[in-house]
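Below: one structure, written as C-alpha cells.
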Ligand SMILES: [Zn+2]
C-alpha cells in the first residue's frame, strides 16, 4: 500500500467495499461529496450505508439515489431502536427492500450491553426481520453485543431458511467467533482490531476466520482506527480510512500464518478477497483485478 503525501491517506491495492458506513449520521451532513470522493481516492470504491431505523433506512435510500455508482444500503431496525418496531415496520422495510440499491436486511440483532430497548422487544424485532429476510431472500446485516447465546440460538433455528448473514463489527471472543462460523456466517471486522488496548483479543483471533468468510468495514463515523499515523482533528472515522483496517488485519494474520486457504497473506490478497466476498455477498457488480488477469493461463496461451 502506498501513502499519499498530501492527505495522509493509505491507498488500497485493490477496490474495497466498506460494508458498514453510517453515512446518514449528522456528523456527515453536508459532507457527502467530499466523503465519497476521498473514499474513491483511497480505493474504497463501494459503500454500504447502514439502515438503523425506518427513518435512517429511508434516508440511506435517498443518499443511494444521489450516488448510485458508489452507494448501496441496508434496511432495518437496530436493537437499540427495537422498541419502535410496530405493525407497520415490516411492511415499510419490505417496500424498501424492493429497491435495487437495498442489498440486505438489518442492521438487526441483539444488544444486551445497554438494553436501550428491552430484551423482549429486541428479540421480537430481530425475529420479524429474520422472517423478512427469508421472505425476500436478502442476506442479513447483523449486530450483537453481550448476547451471543441467545442470538446464536435464534439464528440456528432459522439458519436453513436464511440465504446469508454477516455479523458486522465482530468484537466477541473465540467461542462466539467459532459459533458464528459453525453457522456458516460471514464476519465483519472494523477498526476495533486496530485498538492497541481493547482490540488485543480480536487481533489474536482474526486469523481463525477463513478468507472466504472475511469482510471489512469502518462503521464510520465511529471507531477511528487507532493505528492511523496522523489522525483527523475532528476524530471522525471515514470510509476512506478503511485501508488502515486492512493493514492491521494483514499484520494479525501474518503473525500466525503467512499463507491461508492456499493464499499468500499480504495486503493485495486480502484486499481482493474481502472485496470479492462483499461483492458476492451483497450481489454487487464484480470488478476486474488486473493483477490476476495478467497471469490468466488462457489469455497467456492466446498471447503466445
Ligand atoms: Zn452495530
Gained length - residue 175 relative to residue 286, 0.36 nm times residue gap less alpha-carbon distance:
36.6 nm
Residue order, fewest to most surrounding Cβ atoms within 10 angstrom, among 229, 17, 77, 206:
229, 206, 17, 77
Relative contact order (percent, whole number), region 135-215, Cα cutoff 8 Å, 6+ residue spacing
27
Checking 252, 39, 26 against a Gaussian network model of the chain (alpha-carbon springs below 10 Å), the top fluctuating residue turns out to be 26
PRE reach from residue 8 (point 7 Å along Cα→Cβ): which of region 214-257 fall under 17 Å by backbone N?
223-245
Using the number of other C-beta atoms within 10 angstrom as an exposure proxy, rank 35, 187, 134 with the fewest first.
134, 35, 187
Cα centroids of region 1-79 and region 126-181: how far apart, whole angstrom?
23
Would you mind ranking 211, 9 so that the residue whose beta carbon has the fewest other beta carbons within 10 Å leads the list?
211, 9
Pseudo-spin-label distance residue 94 to residue 40, built 7 Å along Cα→Cβ, given in nm, is 3.8
What relative contact order, as a whole-number percentage, does the chain give when Cα pairs under 8 Å and 6 or more residues apart are counted?
19
Per the Debye formula with a single identical scatterer at each Cα and no solvent contribution, what log10 I(q)/I(0) holds for region 88-163 at q = 0.19, 0.20, 0.23 Å⁻¹?
-0.77, -0.85, -1.07
Relative contact order for region 1-77: what percent, with Cα pairs under 8 Å and sequence separation of 6 or more?
29
Measure off 7 Å from each Cα along the Cα-to-Cβ vector at residue 235 and residue 135, then give the distance between these two points in nanometres to one decimal.
4.3
Restricting to the chain, compute how many DSSP beta bridges are antiparallel as a %, nearest 5.
15
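Each reported figure results from applying straightforward, stated rules to the coordinates on display, with no laboratory input. Just so it is clear, the model here is predicted, and its values are computed rather than measured. For neighbour counting, all protein chains shown are included, and Cβ atoms are generated from backbone atoms with ideal geometry for every residue, glycine included.
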